[in-house]
Amino acid sequence: MVGESMNLESVKQYLEGDKEKEKESEVANLPPRFIERFVAKGIKVDFIEHGRIVCSMKVQPHLLNAGNFLHGGATATLVDLIGSAVIHTTGLPHTGVSVEINVSYLDSAFLDEEIEIESKALRVGKAVAVASVELRKKKDDWHSFAINVCICN
């Protein structure tokens, strides 16, 4: 029982962080919306047209998880960013917020691997827009490693 409570306390401490250090931390002073630039650092738009965007990037060290491959949260953030951006290509001035993001993780992408992100606007209505986003690895002849449908409000 004592070991179990120690484990619970360590999980709690991991999630909450060190409050004293956090006060002095650079994280506390980050600008609004920093996560978008943090995740999209190094992205290159290879092709853009009405309703379609194709981007590429190398997997950066700051986007890796403990297993040394692209973090699922970074993948979901890329889906959100590129899925929202493709809605802008249809002429809408803003996309609102994502109301549903469903990512199927089919494989892993590792450090310095070249990935391609393709997004297509599937439907753009008055209240809801739907985009598909596919992430592929160049190394595997553009084999998909994550597929998504993003619904924006």
Over 22 Å from Arg37 (Cα atoms) and at pLDDT 90 or above, is that true of Thr90?
-> yes
Here the residues within the stretch 88-142 that are in contact with a strand residue (DSSP E or B) (Cβ under 8 Å, 6 or more places away or on another chain), farther than 19 Å from Gln60 by Cβ, open to solvent by 80 Å² or more (accessible area, probe 1.4 Å) and not polar (S, T, N, Q) are Val97, Val99, Glu100, Leu106, Lys120, Leu122, Arg123, Trp142
Counted residues in the stretch 90-147 being assigned to a strand (DSSP E or B) and of a type in the set (D, E, K, R) come to 9
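The values are calculated or read from the model by the stated rules, or taken from the named source; none is laboratory data. This is a predicted model, so every value here is computed, not measured. We place every Cβ from the backbone using ideal geometry, glycine too, and count neighbours over all the protein chains shown. For the accessible areas, the whole protein counts, side chains as well, though only heavy atoms, and no ligand, DNA or RNA atoms are used. Shrake-Rupley method; radii C 1.70, N 1.55, O 1.52, S 1.80 Å.
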